[in-house]
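Accompanying notes for the structure given below.
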Amino acid sequence: MSTELPVQSIAAIATVVATLIASAMSFVNLTLTKEQKTSEFRQAWINALRDDLATFFACARAFARSIETLHLFGAEYKEKTAFLISEQKISDIRYEVAEVRYRIKLRLNPGEAEHKELLRLMDRAVDEQHKMIAEKTDATATLKAVELAAEYACPILKTEWERVKRGELPFRIARNWLAPIVVILSIGFVVFLCAGTFKL
């Protein structure tokens, strides 16, 4: 048994449905645009973090090796070879290590366990450097601590990259749920119009 609806009612229903669909599509587009921008910012954050980590680990190694050479051969070794890094260069490296260390600290989230552990491993590498300088030992412990922190950093960068590929939660909701619902409702309304019986 079919129900006849006045054409005026259908026009009113069509207006309401079209408005709802347009509003839903606007919301979906706004969400997708915003979350796309968030993902771009997150990607830039990952790139900057990776660059700072690489600088920190490279400079920490170079600094440790320079101090080790100085401890092994003494100050007179500087005058006999061109391979030893100058005191000014050592000072520059030390400053750069401190600078990128704090940039990394400001980028990481101390509320996340993995980030907190990475900071702890980096602090341990710095502590090993200070110990090496104070006790005039070789760079073995320092280099081991640097490598441990570097190895731990790799999965963190991978996890953050996977998060970028997956998309932010609102983006996934809009893409996987809202957009299909809007399409289904639109198709359902068209079918209703085509199959319905209307009267003037």
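Each reported figure results from applying straightforward, stated rules to the coordinates on display, with no laboratory input. As the structure is a prediction and not an experimental result, all values here were calculated from the model.
At-a-glance table
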{"read-out": "Under the Karplus curve 6.51 cos²θ - 1.76 cosθ + 1.60, θ = phi - 60°, whole-Hz ³J(HN,Hα) for the range 41-50, x wherever Gly or Pro sits", "value": "5, 5, 5, 5, 4, 4, 4, 5, 5, 4"}
{"read-out": "Listed pairs 89/116; 136/158; 144/165; 89/131 exceeding 28 Å between Cα atoms", "value": "89/116; 136/158; 144/165"}
